[in-house]
Amino acid sequence: MSTFVFKNRNSMFTPVSNVFIENYMPKARGEFVKVYLLGLKYCVSGEPGVASQIMASSLHLLETDVLNAWTYWSDAGVIKMIPMDNMGNFSIQFVDLDEPGDAKQQDINLLEELNNSSTKDMLQDIEKLLFRPLSSSEMQMYISWQKEYSFSPEIILLLIQYCSSKGKTDSRYIEKTALTWFDAKIKSVDDAQTFIKKHEDKWIKIRKILKYLGIRDGEVMKPQEDLIVKWLYTYNFSLDIIYKASSVCFERINKADFKYIDGILTSWFKEGIKTLEDIDKKDTRKVQGKGGYKNVPAAQKQPEGKFNNFEHREYDYDDLEKKLLGWDTDD
């Protein structure tokens, strides 16, 4: 269960931005809109925080729906979702959607830019990829990338095509992707293709893990994605090792729990386990004791000290028992 803490100001009514209603609400799933509106109500009414379980119960949703909704709005740039700890608690800050657009975009003379045939062709191709007409602010954004990020029209079209192939066509997601490409120092189409391949290879593995866990990739949240990336690229575990840890998790608690799986993999990483054979060797070092199994190092020996380095004596326990009970004396 997660808790969401709101940066708020007390109010008796809930103002909803027209920008949200016109630009963001039509594209979102109904349950996501419900979560946004209820969260906004909590925020402006002075509620310090609310548990995901309570929100889910109030809206007749699953907790996963609530978590996925906040992740969706965070990706859309409508809110800022900031992790507060490792227990799944977040600070939710609602973005002021009435703020004016970026000054750099406002400086662009759109009519003048549209006289440039290559720019006009680029914008028309973007509309075909997105299956919708572009707003003036979107046109200004794409044009600004050519100067601000040094992106050629070919790179911009490749970026739009990449986002569209993932089913992400909202401008906020596309803008975040462009910033990621800029931070990755992408300067040519070859750079972009190499980046896409590397990123897709990562997501192919992530999707396989999610499929094994019975989770659709659209339902994974950023903290869960970060855990999987840690398993793959920090711990350098193969898919087979991660599958094995997931199976152990299922056997013990009968469900997929990312934190539980992470605990298993972290333990294996600290123990230097790298292959399935290493896990099998670890399991063979388990000896059955009273009440279950306990781990014992395979090569463990009793230390030789003054209590072990001596010749053991043989005792007649029947005779000792008679002596203790006083039965050895003749009456």
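Going down the table (K176/K208; K166/K205; K176/K202; K185/K205; K230/K259; K205/K274), which pairs top 23 Å between alpha carbons? Where the Cα-Cα span goes over 23 Å, the pairs concerned are K176/K208; K185/K205. Each peptide among 15-27, 66-78, 239-251 gets the average number of other Cβ atoms lying within 10 Å of its residues, and from highest to lowest they stand as 66-78, 239-251, 15-27. Entry note: region 231-287 has Rg to Rh equal to 0.95, where both radii use alpha-carbon atoms and Rh is the Kirkwood radius.
None of the figures in this text is laboratory data; all of them are computed from the coordinates on show. Since we're looking at a predicted model, the values are computed, not measured. As a convention, Cβ positions derive from the backbone with ideal geometry for all residues, glycine included, and neighbour counts pool all protein chains shown.
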